[in-house]
Amino acid sequence: MKKDFISIADYSRNELEEIFDITKELKDKTKRGEEHHVCKGKTMSMIFAKPSARTRISFETGMYQLGGYALYLSPNDIGIGKREAVKDIAQVISRYNDIIMARLFAHNHMEELARYATVPVINGLTDYNHPCQIMADIYTVKEHKGRHTDLKITYIGDGNNIANSWINLAAKFPLHLVICSPSGYEPDPKTLEYARSQKVSTIEVLSDPAAAVKGADVIYTDVWASMGQEAETEARKKIFMPYQINSELMRQADKKALVMHCLPAHRGDEITDEVIDGPQSIVFDEAENRMHVQKAIIAKLLNG
Ligand code: CP
Ligand code: NVA
């Protein structure tokens, strides 16, 4: 049975730990300039229904470093679910390529793609989640804190795909996860219910940022209007302004708290320049680790 990487919920804690081990090995080799063509001659189609910088660059570069080849399909190319049925393109690409990476709007399209593809499918973001991002995030925390469990992670902002992915991660690794969102913008209730039922982590949903950052090891934020929600940008700004990560809020937090953002950031909205450029910010380590973690995911899916 082929395996996909669609949600962290589909993986056991041990399998996730194994991805971290492979990440370390491949990252070390990359830093030493050692060849690691563990996916030699393999090809990957990358379907993008939404824009991207990090996801495209890190997957394309990563696949090359693994000895394979990645092709970029822009939002204008396939027209997945519009010009062509998801299940048709899934079967077509499976005849050409060894693996698929996709960034789509509807999460059920991602699931359908995986169901009909006979090769592994990696989720490069949907409206519901962004599992590669959260794997890179927790790996980055592990590098900085020396551990990836028993930490207080505070996510402040929209209860979006990033928030949902943190919640899914908290169902696997023991964490104290706090999601702090304005009323009406909380994360997916089913995901919360599932993660809490696993009894692995403490998961709180709060609405007061000053209370949420108290004692946090990591303070994380993301854009207030995600891709596809551009029309709501101005209305959301008014609602979310009290949730901005700025120096004043950082004064309520531990001086050693790390600041993270999946990027792209809207500087001056969800995070201010002095915080994102400040000494507690690890946003560029986080962006770099996208590539190392994704290489490990590709290697695991292709080589077992
Ligand atoms: N963080 C992230 O996925 O960035 P891109 O949207 O630029 O790929
Ligand atoms: N929540 C953001 C994440 C971008 C990486 C979005 O979906 O646009």
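The values are calculated or read from the model by the stated rules, or taken from the named source; none is laboratory data. These numbers come from a predicted model, not from an experiment. As a convention, Cβ positions derive from the backbone with ideal geometry for all residues, glycine included, and neighbour counts pool all protein chains shown.
I need the full set of residues from segment 223-254 which are in contact (Cβ under 8 Å) with a residue 12 or more places away in the chain and of a type in the set (S, T, N, Q), in order please.
Correct list: S226, Q244, N246, S247, Q252.
List the residue pairs whose Cβ atoms are under 9 Å apart, where the first residue sits in segment 132-148 and is over 17 Å from S281 (Cα atoms), the second is more than 13 Å from ligand 2 (Cβ to nearest atom) and hydroxyl-bearing (S, T, Y), and the two are 6 or more positions apart or on different chains.
These pairs meet every condition: M135/T23; H148/Y139.
With the requirement that a residue be more than 23 Å from the chain's Cα centre (by Cα) and buried (at least 20 other Cβ atoms within 10 Å of the Cβ), what does segment 95-111 give you?
N97
Going residue by residue through segment 145-159, is there one that turns out to be under 17 Å from the mean Cα position of the chain (by Cα), within 16 Å of ligand 1 (Cβ to nearest atom), in a helix (DSSP H, G or I) and crowded, with 20+ Cβ neighbours inside 10 Å?
Scanning segment 145-159 turns up no residue that is under 17 Å from the mean Cα position of the chain (by Cα), within 16 Å of ligand 1 (Cβ to nearest atom), in a helix (DSSP H, G or I) and crowded, with 20+ Cβ neighbours inside 10 Å.
If A9 passes every condition in (1) more than 16 Å from ligand 1 (Cβ to nearest atom); (2) under 16 Å from N289 (Cα atoms); (3) under 18 Å from the mean Cα position of the chain (by Cα) but one, which one does it miss?
Just one mismatch for A9, condition (2).
Only one of P51, P75 is over 18 Å from the mean Cα position of the chain (by Cα), in a loop (DSSP other than H, G, I, E, B) and within 15 Å of ligand 1 (Cβ to nearest atom). Can you tell me which?
From the options P51, P75, the qualifying one is P75.
Quick check on V223: is it at pLDDT 95 or above and crowded, with 23+ Cβ neighbours inside 10 Å?
Yes.
Mind listing whichever residues of segment 118-161 are among the hydroxyl-bearing types (S, T, Y) and over 30 Å from I239 (Cβ atoms)?
Those that are among the hydroxyl-bearing types (S, T, Y) and over 30 Å from I239 (Cβ atoms): T118, Y139, T149.
Check P51 against each of (1) touching a residue at least 40 places away in the same chain (Cβ under 8 Å); (2) surrounded by fewer than 15 Cβ atoms within 10 Å (Cβ to Cβ); (3) more than 16 Å from ligand 2 (Cβ to nearest atom) and name the one condition it does not meet.
(3)
Among what's in segment 266-304 and is part of a loop (DSSP other than H, G, I, E, B) and small (G, A, S), pick the residue that is farthest from ligand 1 (Cβ to nearest atom).
G304
Could you run through segment 63-88 and say how many residues are farther than 13 Å from S45 by Cα and small (G, A, S)?
Adding up the residues that qualify gives 4.
Determine whether segment 103-122 contains at least one residue that is without any contact (Cβ under 8 Å) to a residue 12 or more places away in the chain and part of a helix (DSSP H, G or I).
The answer is yes, given that some residue of segment 103-122 is without any contact (Cβ under 8 Å) to a residue 12 or more places away in the chain and part of a helix (DSSP H, G or I).
Scanning for something touching a Pro at 6+ places or on another chain (Cβ under 7 Å), surrounded by 24 or more Cβ atoms within 10 Å (Cβ to Cβ), over 21 Å from A53 (Cβ atoms) and of a type outside the set (K, R), does segment 119-127 turn up at least one residue?
The answer is no; no qualifying residue exists.
Among the residues of segment 261-290, write down those that are surrounded by fewer than 23 Cβ atoms within 10 Å (Cβ to Cβ) and either under 24 Å from D28 (Cβ atoms) or modelled with pLDDT under 95 (or both).
Scanning segment 261-290 gives I282, V283, F284, D285, A287, E288.
Condition first: away from ligand 2 (no atom under 16 Å from the Cβ), in contact (Cβ under 8 Å) with a residue 60 or more places away in the chain and among the aromatic types (F, W, Y). Can you find one or more residues in segment 92-99 that meet it?
No: zero hits.
So is I156 in contact with a helix residue (DSSP H, G or I) (Cβ under 6 Å, 6 or more places away or on another chain), more than 21 Å from V86 (Cα to Cα) and free of Cβ contacts under 8 Å to residues at least 60 places away in the same chain or not?
Against the criterion (in contact with a helix residue (DSSP H, G or I) (Cβ under 6 Å, 6 or more places away or on another chain), more than 21 Å from V86 (Cα to Cα) and free of Cβ contacts under 8 Å to residues at least 60 places away in the same chain), I156 does not qualify.
Considering only segment 18-46, how many residues are of a type outside the set (S, T, N, Q), away from ligand 2 (no atom under 16 Å from the Cβ) and not in a loop (DSSP other than H, G, I, E, B)?
14
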